[in-house]
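A.B. asks: After the C-alpha coordinates below, expect a handful of questions from me.
The values are calculated or read from the model by the stated rules, or taken from the named source; none is laboratory data. Because the structure is predicted, anything quoted here is derived from the model rather than measured. Counting neighbours? That spans all protein chains shown, and the Cβs are built from the backbone with ideal geometry, glycine included. What goes into the accessible areas is simple: the full protein's heavy atoms, side chains included, and nothing from ligands, DNA or RNA. Shrake-Rupley method; radii C 1.70, N 1.55, O 1.52, S 1.80 Å.
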Amino acid sequence: MVEPGVLKQLRSILQPYVLLYVEDNKMLNTQVTILFKKIFETVYTAYDGEEGLLLFKEHHPSIVITDIEMPKMDGLAMSKAIMKIDPEVKIIVTTAHDDANLLHQAIRIGVFDYLIKPMRVEMLAKTLARCAHVLKEELHRKIFNANLHSIFNYQNSLTLLLQGQNVVMANQPCLEFFAVESVEMLRKNFVSFGSMLLKHNGFLYNHDGYEWFNEISTNLGKLYNVKIAASDGDHHHFILRYQSIPDREGYGVLTLNDVTELGLLKLYDANAVEQERLLQDEKMVYGLLEMAMLNGAKIRAHNLYKGLSITNDALITSLNHQEATLQTPYVQLKAMQLEEEFYLTSELFPVTILCTGIIRIDFDEQRVYFNHYRMVQTSPTRRAAIRVIPDSSLTITLLYEGHKYDAEIIVMDISINAVRLQLPSLPAGFEPKQSVVLDMVFATPPRPTIINSSAEVFRIKENQRSYEVVCKYDLHGQAQKNIIDYIAKQQMVLIREFKGMQYEK
(Lines give C-alpha, C1' and ligand atoms only; values in the text may rest on other atoms or scores of the structure.)
Protein backbone atom coordinates (compact mmCIF):
# COMPACT_ATOMS: atom_id res chain seq x y z
CA MET A 1 0.00 0.00 0.00
CA VAL A 2 1.36 3.40 -1.00
CA GLU A 3 1.15 6.10 1.65
CA PRO A 4 -1.03 9.09 0.59
CA GLY A 5 1.90 11.49 0.94
CA VAL A 6 4.15 9.38 -1.30
CA LEU A 7 1.32 8.94 -3.82
CA LYS A 8 0.73 12.69 -3.93
CA GLN A 9 4.43 13.38 -4.42
CA LEU A 10 4.71 10.78 -7.20
CA ARG A 11 1.68 12.24 -8.95
CA SER A 12 3.15 15.76 -8.82
CA ILE A 13 6.34 14.68 -10.59
CA LEU A 14 4.90 12.03 -12.93
CA GLN A 15 1.65 13.68 -14.01
CA PRO A 16 3.18 15.27 -17.17
CA TYR A 17 4.28 11.88 -18.50
CA VAL A 18 2.32 9.16 -20.29
CA LEU A 19 2.75 5.52 -19.15
CA LEU A 20 2.43 2.31 -21.13
CA TYR A 21 1.95 -0.77 -18.90
CA VAL A 22 2.31 -4.22 -20.53
CA GLU A 23 1.46 -7.31 -18.46
CA ASP A 24 -0.12 -10.57 -19.68
CA ASN A 25 -1.56 -11.49 -16.25
CA LYS A 26 -5.00 -9.87 -16.56
CA MET A 27 -5.70 -9.74 -12.80
CA LEU A 28 -2.32 -8.19 -12.03
CA ASN A 29 -2.68 -5.84 -14.99
CA THR A 30 -6.04 -4.59 -13.70
CA GLN A 31 -4.85 -4.15 -10.10
CA VAL A 32 -1.61 -2.33 -10.95
CA THR A 33 -3.30 -0.15 -13.58
CA ILE A 34 -5.64 1.18 -10.85
CA LEU A 35 -2.53 2.23 -8.89
CA PHE A 36 -0.84 3.78 -11.92
CA LYS A 37 -3.92 5.86 -12.75
CA LYS A 38 -3.59 7.48 -9.32
CA ILE A 39 -0.07 8.58 -10.29
CA PHE A 40 -0.18 9.24 -14.05
CA GLU A 41 -2.66 11.41 -15.89
CA THR A 42 -2.68 8.99 -18.86
CA VAL A 43 -2.09 5.22 -18.73
CA TYR A 44 -2.28 2.77 -21.65
CA THR A 45 -2.38 -0.96 -20.97
CA ALA A 46 -1.57 -3.99 -23.11
CA TYR A 47 -1.54 -7.74 -22.51
CA ASP A 48 1.30 -8.80 -24.83
CA GLY A 49 4.33 -7.35 -26.63
CA GLU A 50 2.69 -6.96 -30.02
CA GLU A 51 -0.20 -4.95 -28.57
CA GLY A 52 2.25 -2.93 -26.47
CA LEU A 53 4.37 -2.04 -29.52
CA LEU A 54 1.30 -0.91 -31.46
CA LEU A 55 0.20 1.29 -28.55
CA PHE A 56 3.69 2.79 -28.29
CA LYS A 57 3.76 3.65 -32.01
CA GLU A 58 0.35 5.32 -31.66
CA HIS A 59 0.80 7.26 -28.40
CA HIS A 60 4.59 7.60 -27.83
CA PRO A 61 4.58 7.39 -24.02
CA SER A 62 7.61 8.59 -22.05
CA ILE A 63 7.69 5.59 -19.69
CA VAL A 64 7.09 1.88 -20.40
CA ILE A 65 6.73 -0.78 -17.68
CA THR A 66 6.64 -4.29 -19.10
CA ASP A 67 6.77 -7.92 -18.07
CA ILE A 68 9.35 -10.06 -19.88
CA GLU A 69 7.60 -13.40 -20.43
CA MET A 70 4.49 -12.74 -22.53
CA PRO A 71 2.75 -14.37 -25.51
CA LYS A 72 3.19 -13.25 -29.15
CA MET A 73 6.15 -10.98 -28.37
CA ASP A 74 8.13 -10.99 -25.12
CA GLY A 75 9.01 -7.84 -23.19
CA LEU A 76 12.66 -7.72 -24.25
CA ALA A 77 11.82 -8.04 -27.96
CA MET A 78 9.22 -5.30 -27.57
CA SER A 79 11.71 -3.11 -25.65
CA LYS A 80 14.33 -3.54 -28.37
CA ALA A 81 11.81 -2.47 -31.05
CA ILE A 82 10.71 0.52 -28.95
CA MET A 83 14.30 1.69 -28.36
CA LYS A 84 14.87 1.73 -32.12
CA ILE A 85 11.91 4.07 -32.48
CA ASP A 86 12.80 6.32 -29.52
CA PRO A 87 16.13 5.76 -27.72
CA GLU A 88 15.15 8.30 -25.05
CA VAL A 89 12.09 6.40 -23.75
CA LYS A 90 12.48 5.00 -20.23
CA ILE A 91 11.69 1.26 -20.05
CA ILE A 92 11.35 -0.62 -16.75
CA VAL A 93 11.18 -4.42 -17.17
CA THR A 94 9.70 -6.76 -14.56
CA THR A 95 10.20 -10.51 -14.22
CA ALA A 96 9.58 -13.26 -11.72
CA HIS A 97 13.00 -14.79 -12.48
CA ASP A 98 16.27 -13.44 -11.07
CA ASP A 99 18.11 -14.45 -14.24
CA ALA A 100 21.52 -12.88 -14.92
CA ASN A 101 21.19 -13.63 -18.62
CA LEU A 102 17.90 -11.70 -18.85
CA LEU A 103 19.47 -8.82 -16.90
CA HIS A 104 22.41 -8.66 -19.31
CA GLN A 105 20.05 -8.66 -22.29
CA ALA A 106 18.06 -5.83 -20.75
CA ILE A 107 21.23 -3.80 -20.16
CA ARG A 108 22.35 -4.30 -23.77
CA ILE A 109 18.96 -3.13 -25.03
CA GLY A 110 19.24 -0.01 -22.86
CA VAL A 111 16.35 -0.41 -20.43
CA PHE A 112 16.14 2.07 -17.56
CA ASP A 113 15.71 -0.45 -14.72
CA TYR A 114 15.07 -4.12 -13.97
CA LEU A 115 12.66 -5.10 -11.15
CA ILE A 116 11.99 -8.56 -9.70
CA LYS A 117 8.39 -9.70 -9.11
CA PRO A 118 6.53 -9.43 -6.93
CA MET A 119 7.29 -5.71 -7.21
CA ARG A 120 7.75 -3.96 -3.90
CA VAL A 121 5.80 -0.73 -3.93
CA GLU A 122 8.63 1.17 -2.25
CA MET A 123 11.14 0.05 -4.88
CA LEU A 124 8.70 0.84 -7.72
CA ALA A 125 8.06 4.31 -6.25
CA LYS A 126 11.81 5.04 -6.02
CA THR A 127 12.37 3.81 -9.57
CA LEU A 128 9.55 5.96 -10.94
CA ALA A 129 10.80 9.01 -9.01
CA ARG A 130 14.30 8.47 -10.41
CA CYS A 131 12.79 8.01 -13.86
CA ALA A 132 10.94 11.35 -13.58
CA HIS A 133 14.14 13.08 -12.44
CA VAL A 134 16.08 11.80 -15.47
CA LEU A 135 13.27 12.79 -17.89
CA LYS A 136 13.17 16.27 -16.40
CA GLU A 137 16.95 16.65 -16.65
CA GLU A 138 16.86 15.53 -20.28
CA LEU A 139 14.09 18.03 -21.03
CA HIS A 140 16.11 20.83 -19.44
CA ARG A 141 19.14 19.78 -21.50
CA LYS A 142 17.05 19.85 -24.70
CA ILE A 143 15.70 23.31 -23.89
CA PHE A 144 19.19 24.56 -23.07
CA ASN A 145 20.69 23.09 -26.24
CA ALA A 146 17.91 24.49 -28.39
CA ASN A 147 18.36 27.97 -26.95
CA LEU A 148 22.13 27.66 -27.10
CA HIS A 149 21.82 26.83 -30.80
CA SER A 150 19.58 29.86 -31.31
CA ILE A 151 22.02 32.14 -29.48
CA PHE A 152 24.93 30.62 -31.37
CA ASN A 153 23.26 31.17 -34.73
CA TYR A 154 21.84 34.66 -34.26
CA GLN A 155 24.29 36.59 -32.17
CA ASN A 156 26.05 39.36 -34.05
CA SER A 157 29.57 38.05 -33.49
CA LEU A 158 31.07 35.55 -35.92
CA THR A 159 31.21 32.28 -34.01
CA LEU A 160 32.89 29.02 -35.04
CA LEU A 161 33.16 25.66 -33.31
CA LEU A 162 36.58 24.16 -34.09
CA GLN A 163 38.08 20.72 -33.73
CA GLY A 164 41.75 21.50 -33.96
CA GLN A 165 41.83 23.99 -36.83
CA ASN A 166 38.89 22.35 -38.61
CA VAL A 167 35.51 24.10 -38.66
CA VAL A 168 32.75 21.94 -37.18
CA MET A 169 30.00 24.58 -36.99
CA ALA A 170 29.63 28.26 -37.86
CA ASN A 171 26.77 30.66 -37.21
CA GLN A 172 24.83 32.51 -39.91
CA PRO A 173 26.63 35.89 -39.52
CA CYS A 174 29.90 34.04 -40.11
CA LEU A 175 28.64 32.43 -43.33
CA GLU A 176 27.32 35.78 -44.53
CA PHE A 177 30.56 37.63 -43.78
CA PHE A 178 32.64 35.15 -45.78
CA ALA A 179 29.93 34.95 -48.48
CA VAL A 180 29.49 31.18 -48.34
CA GLU A 181 26.25 29.21 -48.19
CA SER A 182 27.33 26.31 -46.02
CA VAL A 183 29.76 25.21 -43.35
CA GLU A 184 31.29 22.84 -45.91
CA MET A 185 32.26 25.78 -48.13
CA LEU A 186 33.61 27.72 -45.15
CA ARG A 187 35.61 24.69 -44.07
CA LYS A 188 37.50 24.74 -47.39
CA ASN A 189 38.32 28.44 -47.00
CA PHE A 190 39.27 28.08 -43.35
CA VAL A 191 42.15 25.77 -44.26
CA SER A 192 44.00 28.97 -45.10
CA PHE A 193 42.42 31.12 -42.40
CA GLY A 194 45.85 32.32 -41.38
CA SER A 195 46.24 33.98 -44.78
CA MET A 196 42.95 35.85 -44.20
CA LEU A 197 44.48 37.64 -41.21
CA LEU A 198 45.89 40.80 -42.76
CA LYS A 199 49.08 42.49 -41.70
CA HIS A 200 48.49 45.35 -39.28
CA ASN A 201 50.82 46.73 -36.64
CA GLY A 202 50.09 45.16 -33.23
CA PHE A 203 47.55 42.71 -34.67
CA LEU A 204 47.51 38.90 -34.80
CA TYR A 205 48.69 37.50 -38.16
CA ASN A 206 51.25 35.01 -39.44
CA HIS A 207 54.78 36.41 -39.74
CA ASP A 208 58.39 35.36 -39.14
CA GLY A 209 57.54 31.90 -37.84
CA TYR A 210 54.68 33.31 -35.77
CA GLU A 211 51.65 31.02 -36.30
CA TRP A 212 48.22 32.39 -35.36
CA PHE A 213 46.56 29.16 -34.14
CA ASN A 214 49.50 28.11 -32.00
CA GLU A 215 49.36 31.55 -30.38
CA ILE A 216 45.64 31.53 -29.53
CA SER A 217 45.52 27.84 -28.47
CA THR A 218 48.32 28.36 -25.94
CA ASN A 219 46.75 31.56 -24.59
CA LEU A 220 43.13 30.55 -24.06
CA GLY A 221 40.75 33.40 -23.40
CA LYS A 222 43.20 36.11 -24.44
CA LEU A 223 41.82 38.87 -26.67
CA TYR A 224 43.51 39.59 -29.99
CA ASN A 225 43.02 42.31 -32.59
CA VAL A 226 42.72 40.96 -36.14
CA LYS A 227 41.96 42.48 -39.52
CA ILE A 228 40.04 40.50 -42.15
CA ALA A 229 38.70 41.44 -45.58
CA ALA A 230 35.00 40.80 -46.14
CA SER A 231 33.62 39.34 -49.38
CA ASP A 232 33.15 42.89 -50.74
CA GLY A 233 36.81 43.73 -50.10
CA ASP A 234 36.21 46.05 -47.14
CA HIS A 235 38.62 45.57 -44.22
CA HIS A 236 37.05 44.81 -40.84
CA HIS A 237 38.57 45.09 -37.37
CA PHE A 238 37.66 42.17 -35.10
CA ILE A 239 38.40 41.20 -31.53
CA LEU A 240 39.28 37.49 -31.63
CA ARG A 241 38.91 35.15 -28.67
CA TYR A 242 39.48 31.41 -28.48
CA GLN A 243 38.26 29.22 -25.62
CA SER A 244 38.55 25.45 -25.23
CA ILE A 245 35.53 23.32 -24.29
CA PRO A 246 35.86 21.49 -20.96
CA ASP A 247 35.97 17.68 -21.21
CA ARG A 248 36.18 17.87 -25.01
CA GLU A 249 39.84 17.65 -25.91
CA GLY A 250 40.72 19.38 -29.16
CA TYR A 251 37.46 21.34 -29.36
CA GLY A 252 37.22 25.09 -28.98
CA VAL A 253 35.00 28.09 -29.76
CA LEU A 254 36.41 30.96 -31.81
CA THR A 255 34.54 34.29 -31.69
CA LEU A 256 35.15 37.38 -33.79
CA ASN A 257 33.45 40.59 -32.62
CA ASP A 258 33.36 43.31 -35.26
CA VAL A 259 34.52 46.66 -33.84
CA THR A 260 35.23 48.36 -37.17
CA GLU A 261 32.76 51.16 -36.48
CA LEU A 262 34.83 52.31 -33.52
CA GLY A 263 37.48 53.49 -36.00
CA LEU A 264 40.40 52.11 -33.98
CA LEU A 265 42.49 50.74 -36.84
CA LYS A 266 44.35 54.01 -37.36
CA LEU A 267 45.37 54.07 -33.68
CA TYR A 268 47.33 50.86 -34.20
CA ASP A 269 48.72 51.44 -37.68
CA ALA A 270 47.99 54.80 -39.30
CA ASN A 271 50.07 54.02 -42.39
CA ALA A 272 48.15 50.84 -43.15
CA VAL A 273 44.82 52.63 -42.76
CA GLU A 274 45.95 55.39 -45.08
CA GLN A 275 46.97 52.85 -47.71
CA GLU A 276 43.57 51.18 -47.47
CA ARG A 277 41.84 54.52 -47.74
CA LEU A 278 43.78 55.31 -50.89
CA LEU A 279 42.84 51.96 -52.40
CA GLN A 280 39.17 52.72 -51.89
CA ASP A 281 39.38 56.41 -52.62
CA GLU A 282 37.30 58.05 -55.31
CA LYS A 283 40.55 58.96 -57.00
CA MET A 284 40.83 55.43 -58.31
CA VAL A 285 37.32 55.58 -59.74
CA TYR A 286 38.04 59.03 -61.12
CA GLY A 287 40.98 57.52 -62.98
CA LEU A 288 38.77 54.80 -64.46
CA LEU A 289 36.17 57.32 -65.56
CA GLU A 290 38.84 59.56 -67.03
CA MET A 291 40.36 56.65 -68.93
CA ALA A 292 36.95 55.72 -70.31
CA MET A 293 36.26 59.31 -71.42
CA LEU A 294 39.64 59.77 -73.12
CA ASN A 295 39.36 56.44 -74.95
CA GLY A 296 35.69 56.72 -75.85
CA ALA A 297 35.08 53.39 -74.13
CA LYS A 298 31.65 51.82 -74.34
CA ILE A 299 29.85 52.21 -71.02
CA ARG A 300 26.52 50.78 -69.89
CA ALA A 301 24.28 52.48 -67.31
CA HIS A 302 22.05 50.25 -65.15
CA ASN A 303 19.05 50.84 -62.92
CA LEU A 304 16.29 48.78 -61.37
CA TYR A 305 12.71 50.00 -61.24
CA LYS A 306 10.77 47.71 -58.85
CA GLY A 307 13.00 44.88 -60.03
CA LEU A 308 12.68 45.83 -63.70
CA SER A 309 16.15 46.12 -65.24
CA ILE A 310 16.73 49.31 -67.24
CA THR A 311 20.02 49.41 -69.15
CA ASN A 312 21.30 51.74 -71.87
CA ASP A 313 24.54 52.89 -73.44
CA ALA A 314 26.18 55.90 -71.86
CA LEU A 315 29.04 58.30 -72.55
CA ILE A 316 31.14 60.37 -70.15
CA THR A 317 31.17 63.85 -71.69
CA SER A 318 33.02 65.82 -69.02
CA LEU A 319 34.91 65.15 -65.84
CA ASN A 320 36.57 67.23 -63.15
CA HIS A 321 37.08 66.88 -59.42
CA GLN A 322 33.84 68.72 -58.66
CA GLU A 323 31.46 66.75 -60.87
CA ALA A 324 31.14 64.24 -63.69
CA THR A 325 28.71 64.38 -66.60
CA LEU A 326 27.16 61.34 -68.24
CA GLN A 327 25.07 61.34 -71.39
CA THR A 328 22.45 58.61 -71.69
CA PRO A 329 18.91 58.22 -73.13
CA TYR A 330 15.90 59.85 -71.52
CA VAL A 331 14.50 56.56 -70.20
CA GLN A 332 17.70 55.88 -68.27
CA LEU A 333 17.70 59.39 -66.84
CA LYS A 334 14.17 58.87 -65.59
CA ALA A 335 15.23 55.66 -63.84
CA MET A 336 18.18 57.52 -62.29
CA GLN A 337 15.81 60.22 -61.05
CA LEU A 338 13.56 57.64 -59.41
CA GLU A 339 16.36 55.61 -57.82
CA GLU A 340 18.69 58.54 -57.05
CA GLU A 341 21.65 56.38 -58.06
CA PHE A 342 22.91 54.22 -60.92
CA TYR A 343 25.58 51.67 -61.83
CA LEU A 344 28.19 51.86 -64.56
CA THR A 345 29.86 48.86 -66.19
CA SER A 346 32.38 48.56 -68.96
CA GLU A 347 34.86 46.03 -70.31
CA LEU A 348 37.42 48.64 -69.30
CA PHE A 349 36.34 48.57 -65.63
CA PRO A 350 37.59 45.72 -63.41
CA VAL A 351 34.61 46.32 -61.09
CA THR A 352 31.14 47.84 -61.14
CA ILE A 353 30.94 51.54 -60.25
CA LEU A 354 28.05 52.81 -58.14
CA CYS A 355 27.31 56.49 -58.77
CA THR A 356 25.43 58.59 -56.21
CA GLY A 357 25.34 62.25 -55.30
CA ILE A 358 23.24 63.25 -58.31
CA ILE A 359 23.47 67.03 -58.58
CA ARG A 360 20.97 67.55 -61.38
CA ILE A 361 19.45 65.88 -64.42
CA ASP A 362 19.05 67.72 -67.71
CA PHE A 363 16.38 65.86 -69.66
CA ASP A 364 16.61 68.17 -72.67
CA GLU A 365 20.36 67.60 -73.07
CA GLN A 366 20.00 63.98 -71.84
CA ARG A 367 22.72 64.39 -69.22
CA VAL A 368 23.13 63.59 -65.53
CA TYR A 369 25.60 65.46 -63.30
CA PHE A 370 26.95 63.65 -60.23
CA ASN A 371 29.87 63.90 -57.80
CA HIS A 372 30.13 60.66 -55.80
CA TYR A 373 31.20 57.25 -57.07
CA ARG A 374 32.76 54.11 -55.66
CA MET A 375 33.62 50.55 -56.59
CA VAL A 376 31.19 47.79 -55.55
CA GLN A 377 31.10 44.02 -55.90
CA THR A 378 27.37 43.79 -56.61
CA SER A 379 25.52 44.88 -59.72
CA PRO A 380 22.01 44.62 -61.21
CA THR A 381 23.59 42.70 -64.09
CA ARG A 382 24.68 39.84 -61.81
CA ARG A 383 21.26 38.67 -60.68
CA ALA A 384 20.77 34.96 -61.32
CA ALA A 385 17.00 35.35 -61.81
CA ILE A 386 14.63 38.20 -62.63
CA ARG A 387 13.05 39.63 -59.49
CA VAL A 388 10.06 41.93 -59.56
CA ILE A 389 8.18 43.84 -56.91
CA PRO A 390 4.67 42.37 -57.05
CA ASP A 391 1.38 44.22 -57.14
CA SER A 392 -1.37 43.97 -54.52
CA SER A 393 -2.90 40.95 -56.28
CA LEU A 394 -0.25 38.68 -54.73
CA THR A 395 -0.73 37.53 -51.15
CA ILE A 396 1.34 34.92 -49.36
CA THR A 397 0.50 32.82 -46.34
CA LEU A 398 3.34 31.12 -44.45
CA LEU A 399 2.93 27.82 -42.61
CA TYR A 400 5.64 26.78 -40.19
CA GLU A 401 5.64 23.45 -38.33
CA GLY A 402 2.03 22.91 -39.36
CA HIS A 403 0.84 26.25 -37.96
CA LYS A 404 -0.26 29.27 -39.94
CA TYR A 405 1.77 32.42 -39.32
CA ASP A 406 -0.95 35.01 -38.77
CA ALA A 407 1.05 38.25 -38.71
CA GLU A 408 0.90 40.57 -41.72
CA ILE A 409 3.30 39.54 -44.48
CA ILE A 410 4.59 42.03 -47.07
CA VAL A 411 5.98 40.55 -50.30
CA MET A 412 9.05 42.63 -51.13
CA ASP A 413 10.01 40.89 -54.37
CA ILE A 414 9.58 37.53 -56.09
CA SER A 415 11.39 35.42 -58.69
CA ILE A 416 10.93 31.94 -60.16
CA ASN A 417 13.00 30.38 -57.35
CA ALA A 418 12.74 32.70 -54.32
CA VAL A 419 10.62 35.26 -52.55
CA ARG A 420 11.65 38.02 -50.14
CA LEU A 421 9.17 38.70 -47.35
CA GLN A 422 8.88 41.34 -44.64
CA LEU A 423 7.61 40.01 -41.30
CA PRO A 424 6.89 42.07 -38.17
CA SER A 425 8.11 39.19 -35.99
CA LEU A 426 9.40 35.63 -36.27
CA PRO A 427 7.81 32.42 -35.01
CA ALA A 428 9.63 30.68 -32.16
CA GLY A 429 12.56 28.63 -33.43
CA PHE A 430 12.36 30.15 -36.92
CA GLU A 431 15.83 30.13 -38.51
CA PRO A 432 17.68 29.54 -41.81
CA LYS A 433 17.44 26.06 -43.36
CA GLN A 434 14.05 25.49 -41.70
CA SER A 435 11.31 24.05 -43.93
CA VAL A 436 8.14 26.08 -44.46
CA VAL A 437 5.09 25.92 -46.71
CA LEU A 438 4.11 28.93 -48.83
CA ASP A 439 0.56 29.49 -50.07
CA MET A 440 0.82 32.05 -52.88
CA VAL A 441 -2.45 33.48 -54.20
CA PHE A 442 -2.36 35.53 -57.41
CA ALA A 443 -5.74 37.30 -57.56
CA THR A 444 -5.45 38.07 -61.26
CA PRO A 445 -8.30 37.78 -63.77
CA PRO A 446 -9.98 35.80 -65.11
CA ARG A 447 -9.59 33.67 -61.96
CA PRO A 448 -7.15 33.51 -59.04
CA THR A 449 -4.10 31.26 -59.30
CA ILE A 450 -2.91 29.38 -56.23
CA ILE A 451 0.57 27.91 -55.80
CA ASN A 452 1.25 25.78 -52.75
CA SER A 453 4.92 24.93 -52.33
CA SER A 454 7.38 23.74 -49.75
CA ALA A 455 10.33 26.10 -49.30
CA GLU A 456 13.49 26.57 -47.28
CA VAL A 457 14.39 29.65 -45.25
CA PHE A 458 17.55 30.86 -46.96
CA ARG A 459 18.36 34.10 -45.15
CA ILE A 460 17.00 36.24 -42.31
CA LYS A 461 17.92 39.90 -41.90
CA GLU A 462 16.85 41.82 -38.82
CA ASN A 463 15.86 45.43 -39.41
CA GLN A 464 14.89 48.04 -36.81
CA ARG A 465 11.19 47.07 -36.66
CA SER A 466 10.86 44.04 -38.93
CA TYR A 467 12.60 41.05 -40.42
CA GLU A 468 13.46 40.34 -44.05
CA VAL A 469 13.14 36.64 -44.81
CA VAL A 470 14.24 35.06 -48.10
CA CYS A 471 12.61 31.69 -48.86
CA LYS A 472 13.86 29.53 -51.72
CA TYR A 473 11.69 27.01 -53.53
CA ASP A 474 11.89 24.68 -56.54
CA LEU A 475 8.77 24.76 -58.68
CA HIS A 476 7.96 22.41 -61.52
CA GLY A 477 5.24 21.84 -64.08
CA GLN A 478 2.17 24.06 -63.98
CA ALA A 479 3.28 25.84 -60.79
CA GLN A 480 6.51 26.95 -62.47
CA LYS A 481 4.61 28.04 -65.57
CA ASN A 482 2.15 30.05 -63.45
CA ILE A 483 4.86 32.00 -61.64
CA ILE A 484 6.78 32.63 -64.87
CA ASP A 485 3.57 33.95 -66.42
CA TYR A 486 2.98 36.22 -63.41
CA ILE A 487 6.52 37.63 -63.46
CA ALA A 488 6.30 38.22 -67.22
CA LYS A 489 2.94 40.01 -66.85
CA GLN A 490 4.23 42.03 -63.92
CA GLN A 491 7.22 43.08 -66.00
CA MET A 492 4.85 44.33 -68.68
CA VAL A 493 2.83 46.22 -66.04
CA LEU A 494 6.01 47.80 -64.70
CA ILE A 495 7.16 48.69 -68.22
CA ARG A 496 3.85 50.46 -68.90
CA GLU A 497 3.98 52.10 -65.47
CA PHE A 498 7.53 53.26 -66.05
CA LYS A 499 6.75 54.55 -69.53
CA GLY A 500 3.82 56.48 -68.09
CA MET A 501 6.23 58.18 -65.66
CA GLN A 502 8.90 58.98 -68.23
CA TYR A 503 7.50 62.34 -69.14
CA GLU A 504 6.91 63.47 -65.57
CA LYS A 505 9.93 65.64 -64.86
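A.B. asks: Using alpha-carbon positions, what is the distance between the centroids of the range 191-216 and the range 448-500, in Å?
C.D. replies: The range 191-216 and the range 448-500 have Cα centres spaced 45 Å from each other.
A.B. asks: Here's something else I'd like to know. In percent, how large is the relative contact order of the range 17-73, given Cα pairs closer than 8 Å and 6 or more residues apart?
C.D. replies: It rounds to 49 percent for the range 17-73.
A.B. asks: Name the trypsin sites (Lys or Arg not before Pro) in the range 172-222 that are in a loop by DSSP and that have at most 13 other C-beta atoms within 10 Å, would you?
C.D. replies: When the trypsin sites (Lys or Arg not before Pro) of the range 172-222 are filtered for loop state and at most 13 Cβ neighbours within 10 Å, 199, 222 remain.
A.B. asks: With the cut-off at 1.5 for a/c, could you classify the range 1-72 from its C-alpha gyration tensor as rounded, prolate or oblate?
C.D. replies: It comes out oblate by the Cα gyration axes.
A.B. asks: Here is a follow-up. Against the longest alpha carbon principal axis of the chain, how many degrees, from 0 to 90 and to the nearest 10, is the axis of helix 270-279 turned?
C.D. replies: That works out to roughly 70 degrees.
A.B. asks: So what's the back-of-envelope 222 nm ellipticity for the chain, counting only DSSP H runs of four-plus at -39500 (n - 2.57) apiece and dividing by all residues, rounded to 500?
C.D. replies: For the chain, the value works out to -11000 deg cm²/dmol.
A.B. asks: Per-residue accessible area for residue 262 at 1.4 Å probe radius, Å² rounded to 10?
C.D. replies: 120 Å²
A.B. asks: Keeping every protein chain present and rolling a 1.4 Å probe, give me the accessible area per residue for the chain in Å².
C.D. replies: Dividing the accessible area of the chain by its residue count gives 55 Å².
A.B. asks: How about the range 434-505: which GluC sites (Glu not before Pro) there are in a DSSP loop, with at most 16 other Cβ atoms within 10 Å of their Cβ?
C.D. replies: Sites meeting the loop and neighbour criteria: 504.
A.B. asks: Still on this structure: Nearest 20 debye, what's the magnitude of the dipole of the chain about its Cα centre given +1 on Lys and Arg Cβ and -1 on Asp and Glu Cβ?
C.D. replies: Value, rounded to 20: 480 debye.
A.B. asks: What shape does the range 411-505 take by its C-alpha gyration tensor, where a ≥ b ≥ c are the square roots of the eigenvalues and a/c under 1.5 counts as rounded, a/b above b/c as prolate, and the rest as oblate?
C.D. replies: Here the range 411-505 falls in the oblate category.
A.B. asks: With all protein chains present, calculate the accessible area of residue 315 using a 1.4 Å probe and round the result to the nearest 10 Å².
C.D. replies: 80 Å²
A.B. asks: Can you give the relative contact order of the range 211-367 as a percent, counting alpha carbon pairs under 8 Å and 6+ residues apart?
C.D. replies: After rounding, I find 13 percent.
A.B. asks: For residue 26 and residue 439, what is the calculated FRET efficiency with R₀ set at 45 Å and r taken between the beta-carbons, to the nearest 0.05?
C.D. replies: 0.30
A.B. asks: Here's something else I'd like to know. Would you list which aspartates and glutamates come within 16 Å of residue 37, measuring only between C-alpha atoms, while excluding same-chain residues fewer than 8 positions from it?
C.D. replies: Candidates past the 8-residue exclusion: 3, 23.
A.B. asks: At a probe radius of 1.4 Å, what is the per-residue accessible area of residue 489, in Å² to the nearest 10?
C.D. replies: 130 Å²
A.B. asks: Within the range 432-465, what residues put their amide N at less than 17 Å from the label point 7 Å along the Cα-to-Cβ vector of residue 397?
C.D. replies: 436-444, 448-455
A.B. asks: Something else now. Please compute the contact order of the range 281-343 in relative form: average sequence separation of alpha-carbon pairs under 8 Å and at least six residues apart, divided by the residue count, as a percent.
C.D. replies: It comes to 30 percent, rounded to a whole number.
A.B. asks: Also, I was wondering about something else. Using the structure shown, select from 57/126; 136/404; 199/222 the pairs with a Cα to Cα distance greater than 25 angstrom.
C.D. replies: 57/126; 136/404
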